[in-house]
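As structure tokens, the structure follows; a few thoughts come after it.
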Amino acid sequence: MESIYTQIMAAKALNKKLLAILIDPDKVAMEEVPNLCQKINTAPATHILVGGSSFAGDYLDELIAKLKSEIELPILLFPGNPSQISANADGILFLTLLSGRNPDYLIEHQVNAVPILKKTDLEVISTGYILIESGHETAVERVSKTKPLSRNNADYVLQTAKAGEYLGNKLVYLEAGSGAQLAVPTEIINLVSQNINIPLIVGGGIRSKIEIDKVFNAGADMVVIGTAFENDTNFFRT
């Protein structure tokens, strides 16, 4: 079977845009999952991301198993720490927080995740994760104890993304943060997309279909929406 990453690369080559819905386990009760799955199945989503900055519950396996029973899309883990790894998913974005200098998020969590990952069949996709200033402190900033990169310094954001590519990351993820007041500027998206050779993911602060199209047009290969879909599961019907 073709890997998820191979499919993402093929989509990039064909300029086929991808849309991921982020599900934060902290914000989804198990009894809400069937209705959520119905809404996802009517949306133009291509992937599901599951994870959050601070989730510490014990029902992640159950949640993902339920999602997989009702949704045929690939499910990728988007973990804040190694405790958010579930063998029930299809793959994992193996994140390195390139925008920060907290060693826990640069390498320590990744090292601690290895014994857990070795017991699974998850497809591991190395992802350079870059937090961009978005108007207020986000959960990622608070939990990781790192500062985002300035939204006014596109060149430095590009340097950081390119460094991630040189280090071997297979994806670059530009993140404004959950519930961000301001999305990643299209100027940054355009500059990064034009100067890296790996797929570019963009998320955070994207609140409408018009904004999704703007991010795609700026050069993103995959857009991630979370809060907007959580707040309005009829998001794609309006």
Practice prompt. Return the pairs, sorted by first residue and then second, in which the second residue is of a type in the set (Gly, Ala, Ser), the first residue lies in region 1-19 and is under 18 Å from residue 217 (Cβ atoms), the beta carbons are less than 7 Å apart, and the residues are 6+ apart or on different chains.
Written response: 18/11; 19/45
Worksheet item: Can you tell me which residue in region 218-232 is most open to solvent (accessible area, probe 1.4 Å), limited to those that are of a type outside the set (Val, Ile, Thr) and in contact with a helix residue (DSSP H, G or I) (Cβ under 8 Å, 6 or more places away or on another chain)?
Response: 230
Practice prompt. Filter region 181-197 down to residues that are touching a helix residue (DSSP H, G or I) at 6+ places or on another chain (Cβ under 8 Å) and open to solvent by 80 Å² or more (accessible area, probe 1.4 Å) and give me whichever is farthest from residue 152 (Cα to Cα).
Written response: 197
Worksheet item: Within region 197-208, is there a residue that is touching a Phe, Trp or Tyr at 6+ places or on another chain (Cβ under 6 Å) and modelled with pLDDT of 95 or more?
Response: yes
Discussion item. Every residue in region 76-122 that is in contact with a Gly (Cβ under 9 Å, 6 or more places away or on another chain) and farther than 23 Å from residue 163 by Cα, please.
Written reply: 76, 77, 84, 122
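The values are calculated or read from the model by the stated rules, or taken from the named source; none is laboratory data. Just so it is clear, the model here is predicted, and its values are computed rather than measured. Note that we place each Cβ from the backbone using ideal geometry, even for glycine, and neighbour counts take in every protein chain shown. Only protein heavy atoms, including side chains, enter the accessible area calculation; ligands, DNA and RNA are left aside. Shrake-Rupley method; radii C 1.70, N 1.55, O 1.52, S 1.80 Å.
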